[in-house]
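Heads up, the thing below is written out as structure tokens.
The values are calculated or read from the model by the stated rules, or taken from the named source; none is laboratory data. No experiment lies behind these values; they were computed from the predicted model shown. Please note: Cβ atoms are built from the backbone with ideal geometry, for glycine as well, and neighbour counts cover all protein chains shown.
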């Protein structure tokens, strides 16, 4: 089939590449000429494991191409996906200006039947706005051309997006006419051979499904973080609690790991957008409000532990090593990342920060490019995890990258002047560290301070 993907961000590029990999002719579109030039040269602007190889393979086979022309993409395609950004507006609601601009451009170019699919995460009612925008342009042209609008939300996890696309647990399609449904069934048939994964529903339900899924996962995280704060006060170990509740199949182990808060491009903005949507329809979404509030507070938990540990001591003569900057492993995404909150908090306290991340260093340097702390040397990004710990007072874990899971603790103990680790992801065994004489602060593991006291 011939497809177009308008928008070559994370979702658009992964979607287009994966569709091309199963034999479709795919044209990816972006208004940014420099981005298209990079893609044509084989330079991938985002980090996603395996994506470079897949783009190169499908480009060389002629199945994947890139352009800045929406009109070219409309002429080329049976199905047109809109995968442009929907950033938060000033009030937290989703900004649909890019989506609707694309819809108008499609309406200006369409000459025969097409299916226009919203792939971007959009509030309920957006597909209808897309339909009206296309129709308005056709009316201006005095043309009567049939088209369909459908919703096909993505469920891709950064760091595992290719597997998620190629082996989906569900494919949600919202459509109100059989012609569009039939084309979408054909398109997704290569991903649907093992068993039926396609869920066809009305468009508003499909649009809500995406927000509901992300809000549910964010709720699980905030709930566990809420429990971790309670565990601190009750001298309970949240890791044992996690195992105790996760063994219940009604709850399960997914997304119940306590930590220093979630970030990224999806959960924060999608929870906000759903919360605002509820308010616009006269409903107070109290749980969503709490999910947001708990998460924002959780990003300061590591700083709180640092303050408690050092008490009245001045941090100005101290250096903190930080391992992990991205909001989660296997991505360079630092949007809404807890690392930014912790770095800024330490800098405000006068401390020096030496930070390392396997992938996110370029993004971190970009974020702090104009920071006086970076220019003065108060903040530095280093290219090796152990370099960060040289002459450091203590180590802070923010992102649970695999290479951090089994470090040389003897080396760490000798490098850290306070022999202290603040673990924002609970990746270490406190008893092991206590035996090594390393003071350990996890999330929701207050009872283990007794172990530390005897170390």
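State yes or no: is residue 256 in a loop (DSSP other than H, G, I, E, B) and surrounded by 14 or more Cβ atoms within 10 Å (Cβ to Cβ)?
Values: in a loop (DSSP other than H, G, I, E, B): yes; surrounded by 14 or more Cβ atoms within 10 Å (Cβ to Cβ): yes.
It is true that residue 256 is in a loop (DSSP other than H, G, I, E, B) and surrounded by 14 or more Cβ atoms within 10 Å (Cβ to Cβ).
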All but one of (1) buried (at least 19 other Cβ atoms within 10 Å of the Cβ); (2) without any contact (Cβ under 8 Å) to a residue 60 or more places away in the chain hold for residue 121, so report the exception by its number.
-> (2)
Just checking, how many residues over segment 390-425 are touching a helix residue (DSSP H, G or I) at 6+ places or on another chain (Cβ under 8 Å), in a helix (DSSP H, G or I) and either under 13 Å from residue 321 (Cβ atoms) or in contact (Cβ under 8 Å) with a residue 40 or more places away in the chain (or both)?
-> 5
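Residues of segment 235-244 being part of a helix (DSSP H, G or I) and either surrounded by fewer than 15 Cβ atoms within 10 Å (Cβ to Cβ) or at positive phi (or both), which ones?
Here is the first cut: in segment 235-244, the ones part of a helix (DSSP H, G or I) are 238-244.
Selection gives 240, 243, 244.
So is residue 36 buried (at least 18 other Cβ atoms within 10 Å of the Cβ), more than 25 Å from residue 157 (Cβ to Cβ), out of contact with any helix residue (DSSP H, G or I) (no Cβ under 7 Å at 6 or more places or on another chain) and free of Cβ contacts under 8 Å to residues at least 40 places away in the same chain or not?
Details: buried (at least 18 other Cβ atoms within 10 Å of the Cβ): yes; more than 25 Å from residue 157 (Cβ to Cβ): yes; out of contact with any helix residue (DSSP H, G or I) (no Cβ under 7 Å at 6 or more places or on another chain): yes; free of Cβ contacts under 8 Å to residues at least 40 places away in the same chain: yes.
Yes.
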Cβ-Cβ under 8 Å pairs, at least 6 apart or on other chains, segment 281-293 side in contact (Cβ under 8 Å) with a residue 12 or more places away in the chain and in the same structural domain as residue 125 (by TED's automatic domain parsing), far side surrounded by 10 or more Cβ atoms within 10 Å (Cβ to Cβ) and part of a helix (DSSP H, G or I) = none
Looking at (1) loosely packed, with under 15 Cβ neighbours inside 10 Å; (2) in a loop (DSSP other than H, G, I, E, B); (3) under 20 Å from the mean Cα position of the chain (by Cα), can you tell me which one residue 358 breaks?
-> (1)
Would you mind finding the one in 158, 232, 226 that is assigned by TED's automatic domain parsing to the domain that holds residue 24, in contact with a helix residue (DSSP H, G or I) (Cβ under 9 Å, 6 or more places away or on another chain), over 24 Å from residue 2 (Cα atoms) and surrounded by 14 or more Cβ atoms within 10 Å (Cβ to Cβ)?
-> 158
Residues being over 29 Å from the mean Cα position of the chain (by Cα) and either surrounded by fewer than 20 Cβ atoms within 10 Å (Cβ to Cβ) or more than 15 Å from residue 79 (Cα to Cα) (or both): count how many of those fall in segment 97-118.
-> 5
Picking from 73, 77, which residue would you name as being touching a helix residue (DSSP H, G or I) at 6+ places or on another chain (Cβ under 9 Å) and in contact (Cβ under 8 Å) with a residue 40 or more places away in the chain?
-> 73
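Among the listed residues 364, 337, identify the single one that is within 29 Å of residue 49 (Cα to Cα) and touching a strand residue (DSSP E or B) at 6+ places or on another chain (Cβ under 9 Å). Break it down into steps so the answer makes sense when it comes.
Values: 337 fails: touching a strand residue (DSSP E or B) at 6+ places or on another chain (Cβ under 9 Å).
The conditions single out 364.
Yes or no, residue by residue, for (1) more than 23 Å from residue 400 (Cβ to Cβ); (2) at pLDDT 95 or above:
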position: 273; (1), (2): yes, no
position: 293; (1), (2): yes, yes
position: 296; (1), (2): no, yes
position: 345; (1), (2): no, yes
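Could you tell me whether residue 415 is buried (at least 23 other Cβ atoms within 10 Å of the Cβ), more than 24 Å from the chain's Cα centre (by Cα) and over 30 Å from residue 242 (Cα atoms)? Walk me through how you get there before you give the answer.
Numbers: buried (at least 23 other Cβ atoms within 10 Å of the Cβ): no; more than 24 Å from the chain's Cα centre (by Cα): yes; over 30 Å from residue 242 (Cα atoms): yes.
No: the conditions fail for residue 415.
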Check segment 31-39 and report whether any residue there is within 22 Å of residue 163 (Cβ to Cβ), out of contact with any strand residue (DSSP E or B) (no Cβ under 8 Å at 6 or more places or on another chain) and not in a strand (DSSP E or B).
-> no
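Going by what's in this entry, would residue 445 be described as surrounded by fewer than 22 Cβ atoms within 10 Å (Cβ to Cβ) and within 24 Å of residue 261 (Cβ to Cβ)?
Details: surrounded by fewer than 22 Cβ atoms within 10 Å (Cβ to Cβ): no; within 24 Å of residue 261 (Cβ to Cβ): yes.
For residue 445, the condition - surrounded by fewer than 22 Cβ atoms within 10 Å (Cβ to Cβ) and within 24 Å of residue 261 (Cβ to Cβ) - is not met.
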Do any helices (runs of 4 or more DSSP H) lying entirely in segment 262-322 carry at least 2 residues that are under 20 Å from the mean Cα position of the chain (by Cα) and surrounded by 21 or more Cβ atoms within 10 Å (Cβ to Cβ), and which ones are they?
-> 267-280, 286-298
Examine segment 99-112 for a residue that is over 22 Å from residue 187 (Cα atoms), out of contact with any helix residue (DSSP H, G or I) (no Cβ under 8 Å at 6 or more places or on another chain) and at pLDDT below 95, and state whether such a residue exists.
-> no
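Conditions (1) in a helix (DSSP H, G or I); (2) crowded, with 23+ Cβ neighbours inside 10 Å, marked per residue:
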{"residue": "12", "(1), (2)": "yes, yes"}
{"residue": "27", "(1), (2)": "no, yes"}
{"residue": "47", "(1), (2)": "no, no"}
{"residue": "58", "(1), (2)": "yes, no"}
{"residue": "92", "(1), (2)": "no, no"}
Checking residue 350 against (1) surrounded by fewer than 16 Cβ atoms within 10 Å (Cβ to Cβ); (2) modelled with pLDDT of 95 or more; (3) within 15 Å of residue 322 (Cβ to Cβ), the condition it does not meet = (3)
